Amino acid sequence: MEPAGAPPPGCAPAREAEEPPGSPALPAEEPQGGQSAGAPPGEGAPPPPAAAERERDHHGAGPQQGPSGRAARGGGRRAPGRRGGEEGGCAARRPRVTVDSSKAKTSLEALKISLRQLRWREFPFGRRLPCDIYWHGVSFHDNDIFSGQVNKFPGMTEMVRKITLSRAVRTMQDLFPLEYNFYPRSWILPEEFPLFVAEVRMMKDSDPSWKPTFIVKPDGGCQGDGIYLIKDPSDIRLTGSIQSRPAVVQEYICKPLLVDKLKFDIRLYVLLKSLEPLEIYIAKDGLSRFCTEPYQEPTLKNLHQVFMHLTNYSLNIHSGNFIHSDSVNTGSKRTFSSILCRLSSRGADVKKLWSDIISLVIKTIIALTPELKVYYQSDIPAGKPGPTCFQILGFDILLMKNLKPVLLEVNANPSMRIEHEQELSPGVFENVPSPVDEEVKVAVIRDTLRLVDPHKKKRKDIQCQTLEHVSEASEELLDAGRADRPEYEASRSPEAGLPSLCLKQVFPKYAKQFNYLRLVDRVAALFIRFLGVKGTTKLGPTGFRTFIRNCKLSNSNFSMASVDILYIDITRRWNSMGIDHKESGMCLQAFVEAFFCLAQKKYKSLPLHEQVASLIDFCEYHLAALDEKRLVCGRGIVERRSAVVPCQVDGLHLTPAAHTPLLNRTATASKFADYRNHRY
Ligand code: ADP
């Protein structure tokens, strides 16, 4: 399954996206301190002198010196003729987006450049008033935030750890083995060690010519830390550390694509703009990180040569062969587009490659979203004040010799550093700019900000409202007028002068081709419905029983006593894996396992994904019917204007106050009708 019309291959020179044709002009200077003429409405009283002073210090218009000591690019130049006049005045009146960068850590430098290019207001030491956007370097929990947007999702760091990612992909592999064959066969240590040994023995028995290599990666490790290659399961270093340091052991891809005889991997930047509805963007360009020793297929002799087998920048930088380059298409770190150009000139089908990569990214995110939604509702329960989230992810992808992309891992906090350390003399280091990093990363951050721009959304809403009042005829006239004067939009848009977006939407754009994979999302929706207490991520035994009862899953063959046994068995096993002892109860993966069990029991002869889909339909049908009953009951109660009339639906006592918000109720009722029409 490939998305049609993939974004143009990155062969278009990456430089295109770098420097705006004429850097954006700065707005006319704002009144300093307190509430400026352009301060966003509702910011409240001007801050006290100390706070005003702090804010004044950091939104000044002059070019700032970055940590590397050079003036940050983009914002330092003033386009001629843009200061005064109508346009400058316009810009000054327009409220600027405010960004708290106090927790940006190593992404600070790239963020600063982006903000200057966008002419947004930065608060490097935080702000007493709420900001529109909070930019965190590490995690969602870096600050207490009750509004605005934050660039991290709760739970993302946990979700992309090696073991959790492997489990999430494995669930999808169970359902859709062919669609998820872009992830190497993996086993989780220590619990699956016996399985690993048994499966390898079986495969070797059935194919004696198979001479595999495996890579062992400690969970939660990064930058190649603790990774080693083995030829046989018995080579795993079991002594002591396995129990204390769980790991993933994975089939090693022995035939990677080589460029200049070197192994390399790709770091692609992916923006998860929203979980519900799912919105995914992919950056048109990424980075290629090269090994520093010519590649040879693994043998017992070269297994330990990390500069030959591991592409990590953090490792290879210590090799004498590492080449820092000012150019994007030479050296040990290059742009991905430069590789694509090269492949294209050799006649490779780079369009197909892009399409496969997009497919891999969408499928991986589909594997991650169910649990992310559980984390999300636990941290930001519906109806409570909280920020909305977005996140830039780093996808590490290896290309096989036949150009098939393989997922290595997903990084929740991909490095956004745009400089590297250089050893001037032994032990003396200096930070020097890295043009390749800057080219790719600044564009990714800047364009992420453009996509989440809260003012743009407001402007869009206002435009929609205004347009509603314009008759069709005058709308046509308006459009015709604009078409005649292309400068109309350009002169008014704050985006004027910025390059086209480097991030391309891939979801919902290709939703039709991938929605059938989102089964576990629907199982997670059932799980969340029965979680009960807000703020939890685990289902208690009562919640599980209510799920079974409300979905009418128990019968003479499957008593409530069997339900309890199923709950206890599965929950105990998952909890013994030592994943999360903070809360007791059934985690989502355990619920998914129980759900698959029930599906297999109920729909015996179908393939697993059809069994699961049928059970989801069955559950959703009964829950919709239940909601409908509640709705009718609620209506009757309202009509009788009775104060409190108990309405018993499957053991639930409802008061006249409707439990489901109106919007949901309507949706539920229509879903119920849809289902009935569909079924009968
Ligand atoms: P880390 O988080 O420590 O960087 P990775 O999973 O990215 O861990 O692995 C480190 C490096 O090892 C990768 O960049 C890649 O070069 C190599 N590698 C990892 N998994 C495989 C694999 N299955 N086959 C071949 N090479 C791999």
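The values are calculated or read from the model by the stated rules, or taken from the named source; none is laboratory data. Quick caveat: nothing in here was measured; it's all calculated off a predicted structure. When we count neighbours, we look across all protein chains shown, and the Cβ atoms used for this are built from the backbone with ideal geometry, even at glycine. Only protein heavy atoms, including side chains, enter the accessible area calculation; ligands, DNA and RNA are left aside. Shrake-Rupley method; radii C 1.70, N 1.55, O 1.52, S 1.80 Å.
What to note about this one:
- Protein-only accessible surface order, largest first, of V138, V452 at 1.4 Å: V138, V452
- Measuring how big segment 188-346 is from its alpha-carbon positions, Rg and Dmax come out at 18.3, 51 Å.
- Each eigenvalue of the Cα gyration tensor of segment 267-320, multiplied by 5 and square-rooted, gives one semi-axis; in descending order these are 34, 13, 9 Å.
- With all protein chains kept in place, the per residue accessible area of segment 179-218 amounts to 48 square angstrom at a probe of 1.4 angstrom.
- FRET efficiency, 1/(1 + (r/R0)^6) with R0 22 Å, evaluated for T536 and M577 via beta carbons: 0.70
- Under the simplified labelling scheme, the E199-L403 pair shows an inter-label distance of 3.0 nm, with each label point 7 Å from Cα along Cα→Cβ.
- A straight Cα-to-Cα reach below 19 Å connects K629 with the lysines K552, K671, residues fewer than 8 places away in its own chain not being considered.
- When +1 charges are put on Lys and Arg Cβ atoms and -1 charges on Asp and Glu Cβ atoms, the dipole computed for segment 122-248 relative to its Cα centre reaches about 220 debye.
- Per residue, segment 267-421 exposes an accessible area of 36 Å² to a 1.4 Å probe, with every protein chain left in place.
- Among the trypsin sites (Lys or Arg not before Pro) in segment 99-176, those placed in a DSSP loop whose Cβ has at most 13 other Cβ atoms within 10 Å are R128.
- Put D453, D144, D617, D260 in order of accessible area, highest first, and with a 1.4 Å probe you get D144, D260, D617, D453.
- Accessible surface computed residue by residue for segment 548-631, with neighbouring protein chains in place and a 1.4 Å probe, gives 48 Å² per residue.
- Residue order by solvent-accessible surface for K261, K504 is K261, K504, largest first, with ligands and nucleic acids left out and a 1.4 Å probe.
- Computed from the C-beta positions of V432 and S614, the FRET efficiency with R₀ = 45 Å rounds to 0.15.
- Its Cα gyration tensor gives segment 189-279 an equivalent ellipsoid; the semi-axes, largest first and in whole Å, are 28, 21, 16.
- Under 24 Å from K301, Cα to Cα: lysines that are on another chain or at least 8 residues apart: K204, K211, K217, K231, K255, K261, K263, K401
- Distance between the modelled labels on H318 and A511, one decimal in nanometres: 4.8 nm (7 Å Cα→Cβ projection).
- At full extension, L300 and H455 could sit 49.9 nm farther apart than now, given 0.36 nm per residue minus the alpha carbon distance.
- In plain terms, the chain from F558 to W210 could stretch by 120.8 nm, reckoned as 0.36 nm per residue minus the Cα-Cα distance.
- Using a probe of 1.4 Å on the protein chains alone, the accessible area found for W187 is around 10 Å².
- Over segment 316-385, relative contact order from alpha-carbon pairs under 8 Å, at least 6 apart, %: 11
- Across K373/K404; K458/K512; K105/K441; K273/K509; K384/K441, pairs whose alpha-carbon gap is larger than 25 Å: K373/K404; K458/K512; K384/K441
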